[in-house]
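Colleague: I have a structure I would like to understand better, so I am pasting it below and will then ask my questions one at a time.
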Amino acid sequence: MPGRARSVGGAAVDGIQAMSDMTGDAGGPPPGGEPAPQAPPRQPAFNVPPITLALASAIAVVFAVLSLGPAWIADTAFAYLTVIPARVVLVLRDPGRPDAVFAVLSLLTHAFIHFQFSHFALNLAFLLAFGSGCEKVLGQRRFVVLVLASAAGGATAQPVSYTHLTLPTN
């Protein structure tokens, strides 16, 4: 019967108290006299540092706007925010061109533009997987420098690799 004292090994004890004594969880230190070691704090399962999370969020928002918004938004983004090798080369020849600002900005903004879901998903997965570790090791400032340098380096490599371009003269 619950709540009644019963005999365990010759001593009358409550059933719940007997279980507590056997597990060493009686509210005090265990029988050895030393307190039980505390478990380390639990880490979240999805622990993304702030800069990596901000970049991933920005890429996701841009992808959603380009995918779900009107076609003119995607067309404008493609025309002004992606790297067009011919435009970059023309701006290098004539820095005073009216589209020079967009050519320079595109060296960074192209990293946020993804038109196909597979391209978006793979880039986001790699950013979360490797960006998190890099940000934790490098720190936020150096990680931002790495991301900007990588975006500019990738954008610069594209026009350099297009050796077969026929450029307009104007």
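The values are calculated or read from the model by the stated rules, or taken from the named source; none is laboratory data. These figures come from a predicted structure and were not determined experimentally. All Cβ positions, glycine included, derive from the backbone under ideal geometry; neighbour counts span all protein chains shown. These accessible areas exclude ligands, DNA and RNA; they are computed on the full protein's heavy atoms, side chains included. Shrake-Rupley method; radii C 1.70, N 1.55, O 1.52, S 1.80 Å.
Colleague: State whether one or more residues within segment 28-50 are at pLDDT below 60 and open to solvent by 50 Å² or more (accessible area, probe 1.4 Å).
Modeller: Within segment 28-50, one or more residues are at pLDDT below 60 and open to solvent by 50 Å² or more (accessible area, probe 1.4 Å).
Colleague: OK, next. Just name the residue that is nearest to the chain's Cα centre (by Cα) out of those in segment 106-125 that are surrounded by 12 or more Cβ atoms within 10 Å (Cβ to Cβ), over 19 Å from residue 79 (Cβ atoms) and not aromatic (Phe, Trp, Tyr).
Modeller: So the first thing to find is which residues in segment 106-125 are surrounded by 12 or more Cβ atoms within 10 Å (Cβ to Cβ), and the list is 106-115, 119-124.
Now drop any that are not over 19 Å from residue 79 (Cβ atoms), which leaves 120-124.
Among the residues that remain, those that are also not aromatic (Phe, Trp, Tyr) are: 121-124.
Details: 121: 12, 122: 12, 123: 10, 124: 7 Å.
So the residue we want is 124.
Colleague: Could you tell me how many of the residues in segment 145-161 are surrounded by 13 or more Cβ atoms within 10 Å (Cβ to Cβ) and closer than 14 Å to residue 83 by Cβ? Before you say what the answer is, go through the steps one by one.
Modeller: Within segment 145-161, the first condition is being surrounded by 13 or more Cβ atoms within 10 Å (Cβ to Cβ), and the residues that meet it are 146-148, 151-152, 154-156, 158-159.
Those still in the list that are closer than 14 Å to residue 83 by Cβ too: 151-152, 154-156, 158-159.
Adding up the residues that qualify gives 7.
Colleague: So which of 21, 25, 75 is at pLDDT 85 or above and acidic (Asp, Glu)?
Modeller: Values: 21 fails: at pLDDT 85 or above; 25 fails: at pLDDT 85 or above.
On inspection, the qualifying residue turns out to be 75.
Colleague: Here's another thing I want to ask about it. Report yes if residue 103 is under 20 Å from residue 148 (Cβ atoms), hydrophobic (A, V, I, L, M, F, W, C), open to solvent by less than 80 Å² (accessible area, probe 1.4 Å) and touching a residue at least 40 places away in the same chain (Cβ under 8 Å), otherwise no.
Modeller: Here the answer is no, as residue 103 does not meet what is asked.
Colleague: Sort out which residues of segment 70-100 are open to solvent by less than 60 Å² (accessible area, probe 1.4 Å), under 24 Å from residue 123 (Cβ atoms) and among the charged types (D, E, K, R), and write them in order of number.
Modeller: The answer is 87, and nothing else.
Colleague: Now, a different point. I need the full set of residues from segment 45-59 which are among the small types (Gly, Ala, Ser) and in contact with a helix residue (DSSP H, G or I) (Cβ under 7 Å, 6 or more places away or on another chain), in order please. Spell out the reasoning first.
Modeller: Taking segment 45-59 and keeping what is among the small types (Gly, Ala, Ser), we get 45, 54, 56-58.
Listed by number, the residues that qualify are 56, 58.
Colleague: I'd like the full set of residues that are within 9 Å of residue 107 (Cα to Cα) and free of Cβ contacts under 8 Å to residues at least 12 places away in the same chain, limited to segment 144-162.
Modeller: 153
Colleague: Got at least one residue in segment 126-133 being open to solvent by less than 90 Å² (accessible area, probe 1.4 Å), in contact with a Cys (Cβ under 7 Å, 6 or more places away or on another chain) and part of a helix (DSSP H, G or I)?
Modeller: Restricting attention to segment 126-133, the residues satisfying the condition of being open to solvent by less than 90 Å² (accessible area, probe 1.4 Å) are 127-129, 131-133.
When the remaining residues are screened for being in contact with a Cys (Cβ under 7 Å, 6 or more places away or on another chain), the result is none.
For segment 126-133, residues open to solvent by less than 90 Å² (accessible area, probe 1.4 Å), in contact with a Cys (Cβ under 7 Å, 6 or more places away or on another chain) and part of a helix (DSSP H, G or I): absent.
Colleague: Go through the residues of segment 61-68 one by one and say whether even a single one is surrounded by fewer than 10 Cβ atoms within 10 Å (Cβ to Cβ), out of contact with any strand residue (DSSP E or B) (no Cβ under 7 Å at 6 or more places or on another chain) and at pLDDT 70 or above.
Modeller: Here is the first cut: in segment 61-68, the ones surrounded by fewer than 10 Cβ atoms within 10 Å (Cβ to Cβ) are 68.
If we keep only those that are out of contact with any strand residue (DSSP E or B) (no Cβ under 7 Å at 6 or more places or on another chain) as well, we get 68.
Add one more test, that the residue is at pLDDT 70 or above, and what stays is 68.
Yes, there is a match, as at least one residue in segment 61-68 is surrounded by fewer than 10 Cβ atoms within 10 Å (Cβ to Cβ), out of contact with any strand residue (DSSP E or B) (no Cβ under 7 Å at 6 or more places or on another chain) and at pLDDT 70 or above.
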